Every structure is written in C-alpha cells, then in structure tokens.
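Q: If you scroll down you'll find the structure; I have some questions about it.
The values are calculated or read from the model by the stated rules, or taken from the named source; none is laboratory data. Every value quoted in this text rests on a predicted model; they were computed, and no experiment measured them. All Cβ positions, even for glycine, are placed from backbone atoms using ideal geometry, and neighbour counts span all protein chains on display.
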Amino acid sequence: MWYNGNMTVAAMKWTRRLFHSARARAHSRAAFGGDKNRLVVVYRAANELEAALVVALLDSEGIPAITSGESVGSVYGMQFGPLAEVRVLVKQALAPRAAQIIEERHLGRGEAGDEGDAA
C-alpha cells in the first residue's frame, strides 16, 4: 500500500504554510494601498453606446479599459434606466488619470470650458 502517515503530515504542513503565506500577502497588499492591477470603476454610463465612447476615449489616451454590466440590458432589451447601466473599469493605478480625462473631455468640464467663461 502506498499510503504513508508521514506523507499526510507533510502534506498538511505544506498546505498550512501555503495558506499562511497567501494570507500574509493579502494583508500586506491591504496595508500598502492594495493591488495596483485591480480593476476599479471610473465611470457609469447610461447605456452601451456611451460606455463604448468612453472606452474609445480612454484607449486613444493610452489607457486600456473594459466594460461590465452590459449583458443585463441586452437580455431584457433595455436601452435606458438602471438595467441599461454599463460600468467602465480601468486598473487602479490608472484610475486618477482616467477620471481626469473623462471629466475634461467626455463631460466637458475641463480647462477649455473655464477659459470660455472668463472671456
């Protein structure tokens, strides 16, 4: 028989060390600002078309973005309303720049609008 009691003890120790190290890594990420590659929501679009425009805008600025939530509106045929909402996500490290680009260029609340008001 290939079963060995010592092998089971060794496997249990190895598993315990594996989980302990994974828990330690998770705690250190939380303590130092989290994972920079984690995806965060930077914009909530009213529908798929608006989300596609925002993703294209971010891509043109060199920021990769993806969408989430578009399937709910598609399944039920919703074009507007809460079920049609689509979230635009980017990496956490790029989120401040992405939010700034969306604010300035998509929503039209940038420096160009401020200069026009002063004139």
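Q: Name the residue, out of 74, 28, that is assigned by TED's automatic domain parsing to the domain that holds residue 90 and modelled with pLDDT under 70.
A: 74
Q: Another question about this same structure. Write out, first by first residue and then by second, each pair whose Cβ atoms fall under 6 Å of each other, whose residues are 6+ apart or on separate chains, and whose first residue, in the stretch 87-110, is part of a helix (DSSP H, G or I) while the second is among the basic types (Lys, Arg) and surrounded by fewer than 18 Cβ atoms within 10 Å (Cβ to Cβ).
A: 92/36; 92/38; 93/36; 103/109
Q: Okay, next question. With the requirement that a residue be acidic (Asp, Glu) and at pLDDT 90 or above, what does the stretch 51-70 give you? Explain how you work it out, then say what you get.
A: Step one: filter the stretch 51-70 for residues acidic (Asp, Glu), giving 59, 61, 70.
Of everything in the stretch 51-70, those that are acidic (Asp, Glu) and at pLDDT 90 or above turn out to be 59, 61.
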